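Accompanying notes for the structure given below.
The values are calculated or read from the model by the stated rules, or taken from the named source; none is laboratory data. All figures in this text were calculated on a predicted structure; none of them were measured in a lab. FYI the Cβ positions are ideal-geometry reconstructions off the backbone, even for glycines, and counts take in every protein chain you see.
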């Protein structure tokens, strides 16, 4: 699993971008969320995710918020 923070959410379109710990920007769609609702996410929130290849570049899947410690 990768870790990162939500860089930008496009609430009205149901997608966003994650900045991972390697400095990459990774696209994600609300359908890729696990144990979370898209409307409950916010910018700068920490998340864990897997990455898959897509025709447009890397895409985050199995995205889930990291519980606050």
Revision key, fill the gap. From the option list 15, 49, 38, 27, single residue qualifying as within 14 Å of residue 2 (Cβ to Cβ) and free of Cβ contacts under 8 Å to residues at least 40 places away in the same chain is 27
Revision key, fill the gap. Scanning segment 3-23 for residues that are within 19 Å of residue 53 (Cα to Cα), loosely packed, with under 14 Cβ neighbours inside 10 Å and touching a strand residue (DSSP E or B) at 6+ places or on another chain (Cβ under 7 Å) gives 3, 21
Check your understanding: Looking only at residues in segment 43-60 that are under 9 Å from residue 27 (Cα atoms) and surrounded by 13 or more Cβ atoms within 10 Å (Cβ to Cβ), which one is modelled with the lowest pLDDT?
Key -> 58
Practice item. Can you work out which of the residues in segment 31-42 that are surrounded by fewer than 18 Cβ atoms within 10 Å (Cβ to Cβ) and closer than 15 Å to residue 62 by Cβ is modelled with the lowest pLDDT? Key: 35
